[in-house]
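**Q** This is the structure I want to talk about, given as structure tokens.
Every number here is computed from the coordinates shown, using simple stated rules; none is lab data. It should be emphasised that the depicted structure is a prediction, and the values quoted were computed from it without experimental measurement. In this analysis, Cβ positions are derived from the backbone assuming ideal geometry, glycine residues included, and neighbour counts consider all displayed protein chains.
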Amino acid sequence: MCDQEFRTQRIDPRYPNQNQTKACYDNYCDFHRCQRLLGEVDDCRIFKRYFETICPNEWISHWDDLRERGAFPGPL
């Protein structure tokens, strides 16, 4: 039995195509930027939920490693 709650994410009009690669990357960056600016607040969790839903786990762990080393190539 699974005790997680599953919800369908809202459609983001910034990404009208089926390819969600940019949406994945942007939501990852938005989450970490939000945390940097606001701290650990509930408002940032929406971005995390989005990128965890559409990003492959390998990408997330790779990006986390890059962030820890200070080598992430994005606007955080």
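**Q** Relative contact order for the chain: what percent, with Cα pairs under 8 Å and sequence separation of 6 or more? Present the calculation step by step, with values, prior to reporting the outcome.
**A** On the way: 39 pairs, mean separation 24.7, N = 76.
Across the chain, relative contact order equals 33 percent.
**Q** Using only the alpha-carbon atoms of the chain as identical scatterers, what base-10 log of I(q)/I(0) does the Debye formula give at q = 0.16, 0.19, 0.20 Å⁻¹?
**A** The Cα Debye sum returns log10 ratios of -0.63, -0.87, -0.95.
**Q** Treat every Asp and Glu Cβ in the stretch 21-69 as -1 and every Lys and Arg Cβ as +1, leave all other atoms uncharged, and give the resulting dipole magnitude about the Cα centre to the nearest 20 debye. Can you show the working numbers first?
**A** Details: 8 positive and 10 negative charges, 26 e Å.
Computed charge dipole of the stretch 21-69: roughly 120 debye.
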